[in-house]
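After the structure tokens below, expect a handful of questions from me.
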Amino acid sequence: MTAALSTPSIRTSPGEGAQAFSGQTRFCAPFPSGYRASGVLLHVTSLPSPYGVGDLGPAAYAWVDCLAAAGQTWWQVLPLGPTGCGHSPYQALSSFAANPLVISPDQLRQDGLVEPGDCAHCAFPSDRIDFDRVIPFKERLLACAWTKFRSGARADLRPAFEQFREKEAALHEAALFMALRAKYQGAPFREWPEDLVRRKPKALEKARRELAESIDCFRFGQFILLRHWQMLKDYANWRGIRVLGDLPIFASPDSADAWANPQLFLLDDRLQPRVVAGVPPDYFSAGGQLWGNPIYDWDALRKNGYRWWIDRLQAPLQYLDAVRIDHFRGFEAAWHVPAGASTAAAGHWVCGPGAEFFDRVRQALGGGLPLLAEDLGIITPAVTALRDQFQLPGMRVLQFAFNGDPNNPHLPEHCVHNSVVYTGTHDNDTTRGWYEALPEQEHRHLWNYLQRPPGDSREATWELIRLAWSSTSALAIAPLQDVLGLGSAARLNVPGRAEGQWLWRCTEEALTDASWQRLHELTRASART
């Protein structure tokens, strides 16, 4: 029932059906009454590919076919920005750029922008990302494509590229930042020459002249990447699949955002964060989580009508059907940790912009909010009230449900329609790994709740998927690792751990696994097709 990966060519035109579907009103909160759907969470970089990292090539189209054949309606991805140290999609080097690593060599070849020999490489691992090898390979490939394009290949794309280069003003700063970062061998921007750190006009102008080639190559990569992404999204929409993206609330401390707009963050006179973001002790960490991101100066943002943040939301919404706002509670109040603290325990809550912010966003987006709220962690009545005031769907996570407390809000019977229920998220262990690590008492809580004899970890995984799909939540989502019944070795991320994360990839066999048929049957039985 699933598509094979031996796709002879990449579909570049989904046909009339795509126009009909994409012409519909995009999703806006809340979910309509009676709406029931389901989907799978898989980051783009985790897709199969012979080139070391998931990309927008044939496997992405086969993945969409796989979702559609299994009766799914949503594909959830993680943030798509260019990653820096640690390769975390939640620490992007720019909030307005996309990750060049997901440019497809096959698509570039089909576009006539590289030759087959340009795509030659040593064998990459099929089940994980070797960033140290993938990054230089993709950089070299993009440089080849840029050289060929600049020499006259695909002249038909030149007008569109020039229009893109002029239109995408937010990418100007990102392109300069990335060129400078490459020049200074990845050093944080605060370690660059002082005139560049302070953005002295003469220094910036000189850098633009000297680095013009690198700047244009980056812009070209963004043009090609977003063109390919739009084609893939159009195809997904044509197949009845909507794409749910993800936007981190905070910007990376070493990013084009903090460098180009220091006045929007709580920084000291050396442009170092005065306070950094995190959360108090929680499920994932007894000492809290110390993220290290600079925190916004909401007073400064308010003075220009939150324009920068509105632009930050509008940028991904050009290429997504809806966006999940990570750490939504930060708009009500954020955990401010003094810079230099060794743990997050020393922080305190400071109020955010609240309803005023979302009123402005709603006006800017034309009246609707195509947003979902990640409302996990320490959620106060004020956070819930802010979410509900704008009718934003919240989240339920079944791995958090079975602690024996009958009032646990993550239990299926406490799900509300305007919500998204997950077996687990990208921060959780796989459900099989989670179950295998549970204390015996919590094993009993789960099987007592299910009113059946205890089973093994694979059965427990499918029981959680079944509970999610049969719940009253409008949308049910499971990570692909859970659909495949994989253990902890397939975990994508451990919160608070900086290295060795975001490496997992599925193999080609995952798209023809028998579990898809089981998911299809469950989806039909749960009336979520």
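The values are calculated or read from the model by the stated rules, or taken from the named source; none is laboratory data. These numbers come from a predicted model, not from an experiment. Positions of Cβ are generated from backbone atoms using ideal geometry, with glycine treated the same way; all protein chains shown enter the neighbour counts. Quick note on the areas: whole protein, heavy atoms, side chains included, nothing else; ligands and nucleic acids left out. Shrake-Rupley method; radii C 1.70, N 1.55, O 1.52, S 1.80 Å.
Mind counting the residues in segment 442-454 that are open to solvent by less than 20 Å² (accessible area, probe 1.4 Å) and without any contact (Cβ under 8 Å) to a residue 40 or more places away in the chain? Write out each step before concluding.
Restricting attention to segment 442-454, the residues satisfying the condition of being open to solvent by less than 20 Å² (accessible area, probe 1.4 Å) are 446-447.
Still in the list and also without any contact (Cβ under 8 Å) to a residue 40 or more places away in the chain: 447.
Final tally of qualifying residues: 1.
Given the structure, is Trp309 aromatic (Phe, Trp, Tyr) and open to solvent by 10 Å² or more (accessible area, probe 1.4 Å)?
For Trp309, the condition - aromatic (Phe, Trp, Tyr) and open to solvent by 10 Å² or more (accessible area, probe 1.4 Å) - is not met.
Here's the yes/no breakdown for (1) open to solvent by 10 Å² or more (accessible area, probe 1.4 Å); (2) part of a helix (DSSP H, G or I); (3) of a type in the set (D, E, K, R); (4) touching a helix residue (DSSP H, G or I) at 6+ places or on another chain (Cβ under 6 Å):
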{"position": "Thr461", "(1), (2), (3), (4)": "no, yes, no, yes"}
{"position": "Ala476", "(1), (2), (3), (4)": "no, no, no, yes"}
{"position": "Gly500", "(1), (2), (3), (4)": "yes, no, no, no"}
{"position": "Leu522", "(1), (2), (3), (4)": "yes, yes, no, yes"}
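Suppose we keep only residues that are under 25 Å from the mean Cα position of the chain (by Cα), small (Gly, Ala, Ser) and not in a strand (DSSP E or B) within segment 304-361. Which one would you say is farthest from Ala92 (Cα to Cα)?
Ala355
Only one residue in Gly496, Gly485 is at positive phi and either open to solvent by 60 Å² or more (accessible area, probe 1.4 Å) or within 21 Å of the chain's Cα centre (by Cα) (or both). Which one?
Exactly one residue qualifies, and that residue is Gly496.
Moving on to the next point. For segment 235-254, check the following and say yes or no: at least one residue is part of a strand (DSSP E or B), open to solvent by less than 20 Å² (accessible area, probe 1.4 Å) and over 30 Å from Thr73 (Cα atoms).
no
OK, next. As an exercise: evaluate Arg165 against (1) in contact (Cβ under 8 Å) with a residue 12 or more places away in the chain; (2) assigned to a loop (DSSP other than H, G, I, E, B); (3) not hydroxyl-bearing (Ser, Thr, Tyr) and give the number of the one condition it does not meet.
So Arg165 meets the others, but not (2).
Something else about it: Take the conditions charged (D, E, K, R), touching a helix residue (DSSP H, G or I) at 6+ places or on another chain (Cβ under 9 Å) and in contact (Cβ under 8 Å) with a residue 24 or more places away in the chain and apply them to Glu173. Does it pass?
Details: charged (D, E, K, R): yes; touching a helix residue (DSSP H, G or I) at 6+ places or on another chain (Cβ under 9 Å): yes; in contact (Cβ under 8 Å) with a residue 24 or more places away in the chain: yes.
Yes.
Can you work out which of the residues in segment 280-306 that are touching a Ser or Thr at 6+ places or on another chain (Cβ under 8 Å) and surrounded by 19 or more Cβ atoms within 10 Å (Cβ to Cβ) is farthest from Gln230 (Cα to Cα)?
Of segment 280-306, the ones touching a Ser or Thr at 6+ places or on another chain (Cβ under 8 Å) are 287-288, 290, 293.
Checking the rest, the ones that are also surrounded by 19 or more Cβ atoms within 10 Å (Cβ to Cβ) come to 288, 290, 293.
Working: Gly288: 39, Leu290: 35, Asn293: 30 Å.
Taking the candidates together, the pick is Gly288.
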